[in-house]
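The values are calculated or read from the model by the stated rules, or taken from the named source; none is laboratory data. Computed from a predicted structure; not experimentally measured. Note that we place each Cβ from the backbone using ideal geometry, even for glycine, and neighbour counts take in every protein chain shown. Please note that ligands, DNA and RNA were not included when accessible areas were found on the heavy atoms of the full protein model with its side chains. Shrake-Rupley method; radii C 1.70, N 1.55, O 1.52, S 1.80 Å.
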Amino acid sequence: MSELSGYRWPDERGRFGPYGGRFVPETLMPALDELEEAYLQAYNDHAFKAELARLFHTYVGRPTPITHARRLSRHLGGAQIYLKREDLAHSGAHKINNALGQALLVERMGKKRIVAETGAGQHGVATATAAALLGIECVVYMGTVDMGRQAPNVFRMKLLGTAVRGVDAGSKTLKDAINEAIRDWVTNVQSTHYLLGSALGPHPYPTIVRDFQSVIGREARGQMLDEASGGPGRLPDAIVACVGGGSNALGIFHPFLADEQVRLIGVEAGGRGIESGEHAARFADPETARLGVLHGTRSYVMQDADGQIALTHSISAGLDYASVGPEHALLRDLGRSEYTYATDDAALEGFRLLSELEGIIPALESAHAIAHVLELAPQMGRDQVILVNLSGRGDKDLDTAMRALGARPGRLSTENEVNEQ
């Protein structure tokens with residue numbers, strides 16, 4: 001833990017130990033230097049931080065509350081479960097925190113256009129929302145497979161004045177959308193900012209996204225210690241968050257890094273099972289996920305035998321990505337965070353149970369974290385506490401869930417099936 005008491009990653013080269021860095025065409029290096037300089041200036045500028053705090057409070061609705069999931073806790077018969085309610089943030093997910101922060105940087109840099117990518121659509125909606133608020137032209141790239149399964153979010157982005165461009169290459173999901181967004185950025189780099197949505201990509205993006213999202217953990221830490229804010233009056237024993245690129249997890253983990261008694265648990269997408277090869281669990285499958293470079297950063301990347309990017313699968317569009325944020329790889333090496341996975345079926349069970357027992361319909365991404373809690377909580381004592389980052393709401397996933405659950409007779413339980421213990 002001594003390495004964490006003075007935790008100062010990334011280093012001056014943008015590396016998180018052997019991970020991270022900046023692997024991009026030469027034409028993008030000036031834009032990344034400009035972004036890094038603008039961010040460092042903003043980070044130390046009281047006026048910038050005050051404006052972001054004002055928008056968080058008056059526009060996003062921060063602080064988002066902590067909710068004690070009493071019925072789910074009783075049903076599982078173990079640890080007390082608390083939820084950090086990022087699903088209640090404006091636009092429906094934690095993504096708005098980073099989108100607003102970067103959009104303010106766009107204003108600061110004097111650029112007039114934003115490009116972005118999206119998988120589940122929540123980052124696209126958050127970016128479109130921030131662009132509309134600040135009057136900035138916005139283009140969002142999205143794989144056509146994701147456009148089909150996240151149609152409501154496509155409509156929302158268009159309603160907000162954003163141009164949504166479908167990507168019909170490769171797996172037609174997030175990886176391919178990022179490729180197209182980067183191509184647009186390279187072509188229009190003088191006028192355009194690439195608003196990257198997760199703790200991925202070339203330096204300084206992983207740091208910027210992490211820092212803007214850390215508002216989640218700062219709020220949660222204070223709320224958990226304060227019973228008047230809905231917390232138990234103590235730190236949690238474990239924090240659980242889903243991990244695609246990993247922005248929501250880093251956002252809630254970071255302010256707890258020095259609290260070594262708090263377990264930090266990331267949950268990847270196990271898809272149809274690790275053995276099937278149809279998943280996006282980078283840490284769980286060393287046969288497929290090896291060190292590599294994807295989208296400008298070095299981390300664990302799912303690859304085929306020839307080193308090409310492997311196809312991935314998850315019922316959750318937001319977790320369906322071949323790599324993972326470089327800081328997660330470092331925290332895993334340091335032993336500070338641990339990672340597991342939940343399959344599609346387990347995530348659907350988490351989706352169903354939280355809805356039935358708490359009246360909260362989670363995003364399928366967040367349902368992966370709930371799925372792990374269904375296993376973890378019964379192994380813990382009733383006086384112990386789990387905090388889950390509920391990263392987004394499930395409105396966008398209803399069509400997917402209806403097809404998956406509705407196709408299985410008896411899958412939607414009756415009231416008797418979920419009687420509390």
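Amide hydrogen proximity for TYR341: with H placed 1.01 Å from N in the peptide plane, the residues at 5 or more positions away or on another chain lying under 5 Å are GLU268. When PHE155, PHE253 are compared by accessible surface with a 1.4 Å probe, the order from highest to lowest is PHE155, PHE253.
Residue-wise HN-Hα couplings along region 334-348, as the Karplus relation 6.51 cos²θ - 1.76 cosθ + 1.60 with θ = phi - 60° gives them from phi, are 6, x, 8, 10, 10, 9, 9, 9, 10, 6, 4, 4, 5, 5, 5 Hz; Gly and Pro carry x. Magnitude of the charge dipole for the chain, about its Cα centre and with charges confined to Cβ atoms of Lys, Arg (+1) and Asp, Glu (-1), is about 740 debye.
Note that region 163-206, at 37 °C in a medium of 0.692 mPa s, gets a Stokes-Einstein diffusion coefficient of 288 µm²/s from its Kirkwood radius over C-alpha pairs.
Note on surface exposure: GLU36, GLU327, GLU278 rank GLU278, GLU36, GLU327 by accessible area, highest first, 1.4 Å probe. Accessible surface area normalised per residue over region 269-411 is 36 Å², counting heavy atoms of protein chains with a 1.4 Å rolling probe. Carbon-plus-sulfur accessible fraction, region 1-73 (probe radius 1.4 Å, protein heavy atoms only): 54%. Karplus-based coupling profile of region 290-306, in residue order and whole Hz: 10, 4, x, 10, 9, 6, x, 9, 9, 6, 6, 10, 6, 9, 8, 4, 8, with θ = phi - 60° in 6.51 cos²θ - 1.76 cosθ + 1.60 and x standing for Gly or Pro.
Take region 205-258 with all the other protein chains still there, run a 1.4 Å probe, and you get 24 Å² of accessible area per residue.
Rg and Dmax of region 239-391, based on Cα coordinates, read 15.1, 50 Å.
Across all Cα atoms of region 119-223, the radius of gyration (one decimal) and Dmax (whole number) stand at 14.5, 45 Å.
Give me the distance between the Cα centres of region 349-363 and region 274-294, rounded to whole Å. So the separation of the two Cα centres works out to 28 Å. Rolling a 1.4 Å probe over the protein chains gives THR340 an accessible area of about 40 Å². Close amide H contacts of GLN303 (hydrogens built in the peptide plane, cut-off under 5 Å, sequence separation of 5 or more or a different chain): ALA289, ARG290, ALA310. Taking 28 Å as the straight-line reach from the Cα of LYS158, the lysines in range (excluding those fewer than 8 positions away in the same chain) are LYS95, LYS111, LYS112, LYS172, LYS175, LYS396. What percentage of the solvent-accessible surface of region 85-202, computed with a 1.4 Å probe over protein heavy atoms, is contributed by carbon and sulfur atoms? Taking all protein chains in place, region 85-202 shows 54 percent carbon and sulfur surface.
Ordering ALA69, HIS46, LEU83 by Cα displacement along the dipole of region 36-84 toward the positive end leaves ALA69 in first place; charges were set at the Cβ atoms of Lys, Arg (+1) and Asp, Glu (-1). The trypsin sites (Lys or Arg not before Pro) of region 305-408 that DSSP puts in a loop, and whose beta carbon has at most 16 other beta carbons within 10 Å, are ARG382. Apply the a/c threshold of 1.5 to the C-alpha gyration tensor of region 40-151 and tell me whether it is rounded, prolate or oblate. Since a/c reaches 1.5 but b/c is at least a/b, the shape of region 40-151 is classed as oblate. Near ILE239, the amide H atoms lying under 5 Å from its own belong to ARG263, LEU264, ILE265, LEU387; only residues 5 or more places off or on other chains count, and H is placed 1.01 Å from N. Per residue of the chain, the DSSP helices (runs of n ≥ 4 H) give a summed -39500 (n - 2.57) that works out to -11500 deg cm²/dmol at 222 nm. Counted residue by residue at 0.36 nm each, then reduced by the alpha carbon distance between them, the extension gain from SER229 to GLU338 reaches 36.4 nm. Per residue, region 63-105 exposes 23 Å² of solvent-accessible protein surface, assessed with a 1.4 angstrom probe and all protein chains in place. For region 200-207, putting each phi into the Karplus relation 6.51 cos²θ - 1.76 cosθ + 1.60 with θ = phi - 60° gives couplings of 10, x, x, 3, x, 4, x, 6 Hz, in residue order, rounded to whole numbers and with x for Gly and Pro. Relative to one another, the C-alpha centroids of region 49-117 and region 185-260 are positioned 9 Å apart. On region 207-285, 42 percent of the accessible area sits on carbon and sulfur atoms, based on a 1.4 Å probe.
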